[in-house]
1. Tally time: how many residues in the range 273-295 are more than 16 Å from ligand 1 (Cβ to nearest atom), in a loop (DSSP other than H, G, I, E, B) and in contact with a strand residue (DSSP E or B) (Cβ under 6 Å, 6 or more places away or on another chain)?
2. Would you check which residues across the range 296-341 are within 17 Å of the chain's Cα centre (by Cα) and in a loop (DSSP other than H, G, I, E, B) and list them?
3. Just to verify a result, which residue in the range 104-119, among those that are surrounded by fewer than 21 Cβ atoms within 10 Å (Cβ to Cβ) and more than 16 Å from ligand 1 (Cβ to nearest atom), is nearest to residue 302 (Cα to Cα)?
4. Suppose we keep only residues that are without any contact (Cβ under 8 Å) to a residue 40 or more places away in the chain and closer than 28 Å to residue 273 by Cβ within the range 3-44. Which one would you say is surrounded by the fewest Cβ atoms within 10 Å (Cβ to Cβ)?
5. Which residues, counting only those in the range 120-144, are under 18 Å from residue 75 (Cβ atoms) and either under 21 Å from the mean Cα position of the chain (by Cα) or within 16 Å of ligand 1 (Cβ to nearest atom) (or both)?
6. Please work out if residue 125 is loosely packed, with under 15 Cβ neighbours inside 10 Å and in contact with a strand residue (DSSP E or B) (Cβ under 7 Å, 6 or more places away or on another chain).
7. Of the residues 82, 91, which is closer than 30 Å to residue 19 by Cβ and within 16 Å of ligand 2 (Cβ to nearest atom)?
Ligand SMILES: [Zn+2]
Ligand SMILES: [Zn+2]
C-alpha cells in the first residue's frame, strides 16, 4: 500500500515528505488512516540518533490515533470505521512468560518498536517499521487499541506514550486515595503524571527548581509545588513521599530527591534513557529506599488507561500543529517550549498520488 509520511534521512537533516509502502494486509492486520499523532521527546532523540540505534529513513511517531480503513479476514475485534490507537509497540513474540502475562513491553525477545525498528515476528523480518507521522499504518490486531467513546480524538494521542508511561508506575506501586506522590519535571510526561495521580486520589507534589511553574502545577491538579533549590523546604519534606515519578529526559542529579522518599518508597525513572549523575547510596541504604525504572506498559494496561481517562475525563493539554510545522515544533520541544504536548493534525498531510 502506497503512503506518505515525514522522515528524517539522517541525524542532521530536517524531516521532509517521504513516499513509502505499508505492507499488504495479513489475516490479522488492521489498516488505519492516521488522524492525529503526538510528538514525543523520543521522536526528537531518534530523529537525531541520540541513542545510537536509529534506522534511516526514519518516520517518527508512536502516539497514534486513527480510523480503521480495512481489516484482514481473521481480525476479530475491529471493523472499518472504528476509532483506534497505536502506541510505542507494534509486535512482540506473543509466547514468552512476559507476553503471556500481558507485559509485551518486557518481552524476552524484545518487542518491536513502532518506528526505527525492523519487523521480527509476524511479517517479513527485513521490513523497517515506520511511525505515525504518516498517512496510513498497518498493525497486527493484538497491538491495536480501542479509543473509548467520549475520549476527544484530537487530544487523546499523547496518552499512548506520555499517558501510559506515567499510568503504569502509578498502578505498579498501587497509588490510590491518600498516596503521597511527587513528580519531577513538568513536561509531556510530568503533566500527565500530575493529572493521572490526582485522578486516582493521590496527594500530588510537583518538584521544581524554581517557583515559576507553581500556577501551572496547581492548575493541572497538583496540591503544591516544592522548590528543590530551597534547602530548608526540602529538609522539611524528608521521608514524606510514597512514590516519586522522575520524568526528566536528560542526564540529571537524583541526590536531592532520594531523601524525600519514605521507608520502602520508590523513585521511578521514566524519562532519561542513559546516564545519570552518580547517586549516593547513603540515603538509599539508611532509609531502605528504592530507585527503579519503568518502560511504557503492556497492551491490556494501555487499554485500561484509555478507559480510565475516558471515565474520569483526563486528557493531555495539547497544542495542535500541521505536519509542515514539525521541524519548528522539534526546536521548541528541545527548549521545553510547549504546554504540554504537540499533536500533529494529520489532515494537513495530503494523500499520496493515487497513480
Ligand atoms: Zn514516546
Ligand atoms: Zn515475548
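The values are calculated or read from the model by the stated rules, or taken from the named source; none is laboratory data. Every value quoted in this text rests on a predicted model; they were computed, and no experiment measured them. When we count neighbours, we look across all protein chains shown, and the Cβ atoms used for this are built from the backbone with ideal geometry, even at glycine.
1. Going residue by residue through the range 273-295, those that are more than 16 Å from ligand 1 (Cβ to nearest atom) are 275-292.
Going one step further and asking which of them are in a loop (DSSP other than H, G, I, E, B), we end up with 275-276, 278-281, 288-289.
When the remaining residues are screened for being in contact with a strand residue (DSSP E or B) (Cβ under 6 Å, 6 or more places away or on another chain), the result is 288-289.
The number of residues fulfilling the criteria is 2.
2. Passing the criteria: 296, 297, 298, 314, 315, 316, 317, 336, 338, 339, 340.
3. Taking the candidates together, the pick is 106.
4. 12
5. Just the residues of the range 120-144 that are under 18 Å from residue 75 (Cβ atoms), to begin with: 121-123, 136-144.
136, 137, 138, 139, 140, 141, 142, 143, 144 - these are the residues of the range 120-144 that are under 18 Å from residue 75 (Cβ atoms) and either under 21 Å from the mean Cα position of the chain (by Cα) or within 16 Å of ligand 1 (Cβ to nearest atom) (or both).
6. When the stated conditions are applied, residue 125 passes them.
7. 91
Results for (1) under 23 Å from residue 86 (Cβ atoms); (2) surrounded by fewer than 24 Cβ atoms within 10 Å (Cβ to Cβ); (3) in contact with a helix residue (DSSP H, G or I) (Cβ under 7 Å, 6 or more places away or on another chain); (4) assigned by TED's automatic domain parsing to the domain that holds residue 89, shown as yes or no for each residue.
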position: 148; (1), (2), (3), (4): yes, yes, yes, yes
position: 152; (1), (2), (3), (4): yes, yes, no, yes
position: 155; (1), (2), (3), (4): yes, yes, no, yes
position: 173; (1), (2), (3), (4): no, yes, no, no
position: 177; (1), (2), (3), (4): no, yes, no, no
position: 183; (1), (2), (3), (4): no, no, yes, no
position: 187; (1), (2), (3), (4): yes, yes, no, no
position: 191; (1), (2), (3), (4): yes, no, yes, no
position: 196; (1), (2), (3), (4): yes, no, yes, no
